[in-house]
Amino acid sequence: MVDTTAIDLFLGLDLGKEFHHAHGRTADGRTVHDKRLPNTEPKLLELFSKLVAKFGTVLVVVDQVANIGALPLTVARAAGCRVAYLPGLSMRRAADLHPGEAKTDARDAFVISETARTMPHTLRAVDRDDEVLAELTMLTGYDNDLAGEVNRATNRLRGLLSQIHPSLERVLGPRLAYPYVQALLQRHGSPARLRKLGRARCEALLKAHGSRKAHHLTTEIFDALAEQTLVVPGTEASALIVPGLAAQLAAAHAQRQATEQEIAALLEALPLFHLLTSLPGMGVRTTAAVIVAIGDGSGFPTAGHLASYAGLAPATKSSGTSIRGEHAPHRGNRLLKRALFQAAFAAIGCKSDPSSRVYYDRQRARGKTHTQAILRLARQRVNVIHAMIRTGTLYEPRTLDLAA
């Protein structure tokens, strides 16, 4: 939540690549500015400085904090303005409160400004002014892109192998994340080339690229090759495609590893990193996603606020005497929700702190599906995360029979 009691001017910015639209309203609701604004540092600085000089304390509110919102926020701070963020869902709901159905830049800027003035509880503090958080946001976004490339290349490879040689795919498909399998397919990406390579050289190649069970894998590969003697149409073409896809996959994995190291180095400078990683299931990537989403966590007065922001607070559908039970909300920060879900899933396998597994098993015994049980566990862990942030204490493993 953002304190707006001392704000003299609320400046809403509807952001665009080349131009923004700026709408300024005073604390008593008078419109004092409503113009298009070029997305350049000189023009932004000129407007912000002019408004600060004329009105005093100016709150600049945007609906995006990254990408096209980065420069306006940076310039606003440099000009002495305060800044805040109006989440997209809050913006859309606020727009429904105002007459008119047209969607224009001018109307959106007005909605942002008026919402900030009249409903400050919808605003979120922008704490990404720290250079570390800005770099972390960029790196985590890049890592998400790389994860998509890994999935696409993996699925394409498995599809090709399944088409030309299903037995070989059953051996190599589940192992495509391993560097030695990627190296093998880059050099010998067809059944014919693998047969020509021979067992001895295949085993040597696998061993040279890090396989500790090269002999066993080689045996599996050549047993699979022996199960199919016919050549399926398309095999010759796939022999040209598989090495390229394997190279793309290897490059994406290497880039993800390098990015993870950079992310880990940045996280070391943030106190919240050491708090969160003391909780079972919280790795480098999941912790980075949480920090990018919530900053230092100070903007969430209760665990319920944090759970709602993450889309983990269950909602009840009821009408009169009809109550249809709880359902998962279709709102919240999706990246944060995914990170908390992944962390909860990892936590149920932690033997040093079985409390997560106890809670998960109890939910399954009550008839919840696997996904529902994990989501409920993630919601319980939000309470723990919020308490850790509030008190600044590390998580201490314990064996507890958690309440539902």
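The values are calculated or read from the model by the stated rules, or taken from the named source; none is laboratory data. Predicted model, so just to flag it, every value in this text is computed and none were measured. Every residue, glycine as well, gets a Cβ built from its backbone with ideal geometry; the counts of neighbours run over all protein chains shown.
A few points about this structure:
- All told, Ala78 falls short of being within 17 Å of Pro120 (Cα to Cα) and either out of contact with any helix residue (DSSP H, G or I) (no Cβ under 6 Å at 6 or more places or on another chain) or surrounded by fewer than 19 Cβ atoms within 10 Å (Cβ to Cβ) (or both).
- Within the stretch 188-208, tally of residues that are within 21 Å of Leu160 (Cβ to Cβ) and surrounded by 17 or more Cβ atoms within 10 Å (Cβ to Cβ): 9
- Residue list for the stretch 10-54, filter: more than 17 Å from Phe110 (Cα to Cα) and of a type outside the set (A, V, I, L, M, F, W, C): Lys17, Glu18, Pro38, Asn39, Thr40, Glu41, Pro42, Lys43, Glu46, Ser49, Lys50, Lys54
- Any hit, the stretch 14-22, residues being farther than 30 Å from Thr140 by Cβ, modelled with pLDDT of 95 or more and surrounded by 14 or more Cβ atoms within 10 Å (Cβ to Cβ): no
- Residue count, the stretch 270-280 (criterion: touching a residue at least 40 places away in the same chain (Cβ under 8 Å) and either surrounded by 18 or more Cβ atoms within 10 Å (Cβ to Cβ) or more than 24 Å from Arg381 (Cα to Cα) (or both)): 6
- Filtering the stretch 184-203 to residues that are outside any helix (DSSP H, G or I) and over 17 Å from Ala247 (Cα atoms) leaves only Gly198.
- Identity of the residue in the stretch 229-243, of a type outside the set (Val, Ile, Thr) and surrounded by 15 or more Cβ atoms within 10 Å (Cβ to Cβ), that ends up farthest from Gln186 (Cα to Cα): Ser238
- Scanning the stretch 281-294 for residues that are more than 14 Å from Leu133 (Cα to Cα), of a type in the set (Val, Ile, Thr) and touching a residue at least 40 places away in the same chain (Cβ under 8 Å) returns a single hit, Thr286.
- Looking at Arg156, Arg107, just one residue is under 21 Å from Leu86 (Cα atoms), in a helix (DSSP H, G or I) and not hydrophobic (A, V, I, L, M, F, W, C), and that residue is Arg107.
- Answer from Arg152, Arg199, Arg158 - the residue that is of a type outside the set (Phe, Trp, Tyr), assigned by TED's automatic domain parsing to the domain that holds Phe222, modelled with pLDDT of 95 or more and farther than 20 Å from Ala250 by Cβ: Arg199
- Any chance Gly332 is within 30 Å of Val2 (Cα to Cα), at pLDDT below 95 and part of a loop (DSSP other than H, G, I, E, B): yes
- Which listed residue, of Thr57, Thr40, is hydroxyl-bearing (Ser, Thr, Tyr) and more than 26 Å from His121 (Cα to Cα): Thr40
- Residues satisfying the stated conditions in the stretch 113-128, i.e. at pLDDT below 90 and of a type in the set (Val, Ile, Thr): Thr122, Val126
- Pairs where the first residue, in the stretch 296-319, is within 19 Å of Ala373 (Cα to Cα) and part of a loop (DSSP other than H, G, I, E, B) and the second is modelled with pLDDT of 80 or more and hydrophobic (A, V, I, L, M, F, W, C), C-beta under 7 Å, 6+ apart: Ala310/Leu336; Ala310/Leu340; Ala310/Val382; Leu312/Leu340; Leu312/Leu375; Leu312/Ala378; Leu312/Val382; Ala313/Ala307
- Single match in Thr140, Thr122 (criterion: crowded, with 18+ Cβ neighbours inside 10 Å, closer than 25 Å to Ala310 by Cβ and not assigned by TED's automatic domain parsing to the domain that holds Pro243): Thr122
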